[in-house]
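The values are calculated or read from the model by the stated rules, or taken from the named source; none is laboratory data. Small disclaimer: the values here were computed from a predicted structure and weren't measured. FYI the Cβ positions are ideal-geometry reconstructions off the backbone, even for glycines, and counts take in every protein chain you see.
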Amino acid sequence: MDVILAEPVEPDLDFEAAFDDLYPRAVRVARRMLGDQALAEDVAAEALARAYARWRKVAGLEYRTAWVLRVTTNLALDELRRRKPTAEVELSTEGAEDVVALRLALAAALRGLPRRQREAVSLRYLADLSEQEVAAALGVAPGSVKTHVHRGLEALPSSIGVDLEEVPGVV
């Protein structure tokens, strides 16, 4: 896959400008996955620190936002793996407690998906990236993204027992 490089710029200045756009998006993705603002901020900060460490390369990527959000997604999934597994929760779609339980069940279901499906679904729906941006971030064709997302979304409702489209604010 050919990578289109942007005009060379001063790395530190370019990162500072990009940070203002990338950090809030990374926090939003991590918060959607983790359900915890403080932890989401930590994960987003780590993702941006990794971007800064590689900024000479990342700055020139056509889809650098997708790259940062992919790193954020992977770090959030790592954080979810470190948590102790929770017992299955009986879910309904009413009340704040149920939304929290649904988020935990969604995180567990995402962990159960194959890696590519998990990444495609997370980037497409949690990071709000287009299919083209997801394809660039994963280094695959847009058709592959559609396939991975379709299969992942098919598997999720059966894993958690709830139609995600009926629950506001989850996906």
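Looking only at the stretch 78-109, how many residues end up being at pLDDT below 85 and more than 17 Å from Gln37 (Cβ to Cβ)?
Taking the stretch 78-109 and keeping what is at pLDDT below 85, we get 80-109.
Those still in the list that are more than 17 Å from Gln37 (Cβ to Cβ) too: 81-82, 84-95, 97-98, 101-102, 105-106, 108-109.
Going through the stretch 78-109 one residue at a time, the tally reaches 22.
Considering only the stretch 106-137, state which residues are of a type in the set (A, V, I, L, M, F, W, C) and over 12 Å from the mean Cα position of the chain (by Cα).
Leu106, Ala108, Ala109, Leu113, Ala135, Ala136
I'm told Leu61 meets every condition in (1) closer than 18 Å to Asp21 by Cα; (2) crowded, with 20+ Cβ neighbours inside 10 Å; (3) modelled with pLDDT under 90 except one. Can you identify the failing condition by its number?
Going through (1) closer than 18 Å to Asp21 by Cα; (2) crowded, with 20+ Cβ neighbours inside 10 Å; (3) modelled with pLDDT under 90 one by one, Leu61 breaks only (2).
For the stretch 125-141, give me the residue count where each residue is farther than 18 Å from Pro114 by Cα and assigned to a helix (DSSP H, G or I).
So the answer is 4.
Pairs under 6 Å by beta carbon, first residue hydrophobic (A, V, I, L, M, F, W, C) in the stretch 71-89, partner modelled with pLDDT of 85 or more and exposed (fewer than 12 other Cβ atoms within 10 Å of the Cβ), six or more apart or different chains?
No pair meets every condition.
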